[in-house]
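Trainee: Pasting a structure below so you can have a look.
What follows draws every value from the coordinates through simple rules; no lab data is involved. Quantities reported herein were computed from a predicted structural model and do not represent experimental measurements. Cβ atoms come from the backbone with ideal geometry, glycine included; neighbour counts cover every protein chain shown.
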Amino acid sequence: MKTTKTFLIALFFISMNFADVYSQRNIRGRVINDDLEVSRFAHIFEFNNEKRYGFDARNLLGRADWDGFFDITIPNEINKLIFTSLGVNAVIELSDNCDYMEIILLLDAAFIGSPSIQEIERRERERRRVFDNLPQLHLEAVRKGIFKNETICHSRIFWSEMERIDEINRQRREREREIREINRQVRRDFRRLSVGDTIQIPFRAQWNRTIRRTTLFPICNQTDVEYFSCIVEGVVIGKFRQRYHNGVSVRGRFLTIRVTNIENCQYDSSELYGRLLRVGNRVGHNMTRDKVIIR
């Protein structure tokens, strides 16, 4: 009885290992770029349509070697891979009968900075032109002895940033709407403030090694920060729509306050606009640009 039980347990673990082995597949191949140069140490991830760069960096499946060859074992449920290396990539859809793949990496769809829609469209057209030329590039790589199979057995996905243009524009319009509303609120607040009113001005703090003091910087009124490291309270003693800076007229919504309370500024030695912060100081503030808390 004991022998039978031991045998069944062993058989169970063997079957589990057997199932694990056959729920995976081995994929080999080579990776180059569109200049037909070996792409050394290209990383291989499972592709994720929902992510900005198409992969989760924590889920690295493997990488190519010095000569661009790779040999990975992946779960059967993975059906898309992304090969990526220093600004180039390839999104591959796997097929059941393709276990050796020869991949050409192209310039990826990540845009540095904030290019215009026209610039995005221009880059996409160029990427699409090179993408459509992949079969010819593949044959050229075969003729040069870099690849060995003339037939491409995998499917290639053109990962387009243009599909996100509508969402990018929607987010941009929403942000512009929020900024317009903030500016309208600033105008309303400025109109209803009077000399003698008490306001609070939030600041962020940064230690200044040169003068060995904490330097305070105002918070932009377009941020949604709710925690402030320093809040200075004061009484409005002047309102201006125009001031002169270095002989140049500047339009805005300017306040002059007299500091009345610095208890919510948790620093022993703070510098504000080049002066040590003290109760009684006169401080200028631009509501057009910087945040104000009205009591």
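Trainee: Looking at region 156-246, which chymotrypsin sites (Phe, Trp or Tyr not before Pro) are in a loop (DSSP not H, G, I, E or B) and have at most 10 other Cβ atoms within 10 Å? If you can, show how the numbers build up before the last one.
Mentor: Details: sites: Phe158, Trp159, Phe190, Phe203, Trp207, Tyr227, Phe228, Phe240, Tyr244; in loops: Phe158, Trp159, Tyr227, Phe228.
Here the chymotrypsin sites (Phe, Trp or Tyr not before Pro) that fit, given the DSSP loop and packing criteria, are Tyr227.
Trainee: Let me ask you something else. For the chain, with a Gaussian network of springs between Cα atoms less than 10 Å apart, report the residue from Gly274, Gly238, Gly68 with the top mean-square fluctuation.
Mentor: The residue that fluctuates most here is Gly274.
Trainee: What are the GluC sites (Glu not before Pro) within region 229-293 that DSSP puts in a loop, where the Cβ has at most 11 other Cβ atoms within 10 Å? Working shown, then result.
Mentor: Details: sites: Glu233, Glu263, Glu271; in loops: Glu263.
Taking region 229-293 and a limit of 11 other Cβ atoms within 10 Å, the loop GluC sites (Glu not before Pro) found are Glu263.
Trainee: Sticking with this structure for a sec: Please find, in a Gaussian network model of the chain (springs between Cα atoms separated by less than 10 Å), the residue of Ile237, Ile117, Ile157 whose mean-square fluctuation is greatest.
Mentor: Of Ile237, Ile117, Ile157, the most mobile in the Gaussian network model is Ile237.
Trainee: Let me ask something else. Going by the alpha-carbon gyration tensor, a ≥ b ≥ c the square roots of its eigenvalues, is the chain rounded (a/c under 1.5) or, if a/c is not under 1.5, prolate (a/b greater than b/c) versus oblate? Intermediate results must be reported in sequence, preceding the final value.
Mentor: Details: a/c = 3.39, a/b = 2.14, b/c = 1.58.
In terms of gyration-tensor shape, prolate.
Trainee: Determine, for Thr223, Thr151, Thr256, the number of other Cβ atoms within 10 Å of each Cβ, and report the residues in order from fewest to most.
Mentor: Ascending number of Cβ neighbours within 10 Å: Thr151, Thr223, Thr256.
Trainee: At a Förster radius of 30 Å, what calculated FRET efficiency corresponds to the Cβ-Cβ distance of Val248 and Ile211, to the nearest 0.05? If you can, show how the numbers build up before the last one.
Mentor: Numbers: r = 28 Å, r/R0 = 0.95.
Result of the calculation: an efficiency of 0.60.
Trainee: Need one word for region 19-164: rounded, prolate or oblate. Basis is the Cα gyration tensor (sqrt eigenvalues a ≥ b ≥ c); a/c below 1.5 gives rounded, then a/b vs b/c decides.
Mentor: Values: a/c = 1.87, a/b = 1.27, b/c = 1.47.
Because a/c hits 1.5 or more and a/b fails to exceed b/c, region 19-164 counts as oblate.
Trainee: Among Ile262, Ile44, Ile103, which one shows the biggest mean-square fluctuation in a GNM of the chain, springs joining Cα atoms closer than 10 Å?
Mentor: Ile262
Trainee: Just flag the trypsin sites (Lys or Arg not before Pro) in region 136-201 sitting in loop per DSSP whose Cβ has no more than 12 other Cβ atoms within 10 Å.
Mentor: Working: sites: Arg143, Lys144, Lys148, Arg156, Arg164, Arg170, Arg172, Arg173, Arg175, Arg177, Arg180, Arg184, Arg187, Arg188, Arg191, Arg192; in loops: Lys144, Lys148.
When the trypsin sites (Lys or Arg not before Pro) of region 136-201 are filtered for loop state and at most 12 Cβ neighbours within 10 Å, Lys144, Lys148 remain.
Trainee: Cysteines without a disulfide-compatible partner in the chain, using Cβ under 4.7 Å as the rule?
Mentor: If one checks each Cβ against the other cysteines of the chain, Cys220 turn up with nothing under 4.7 Å.
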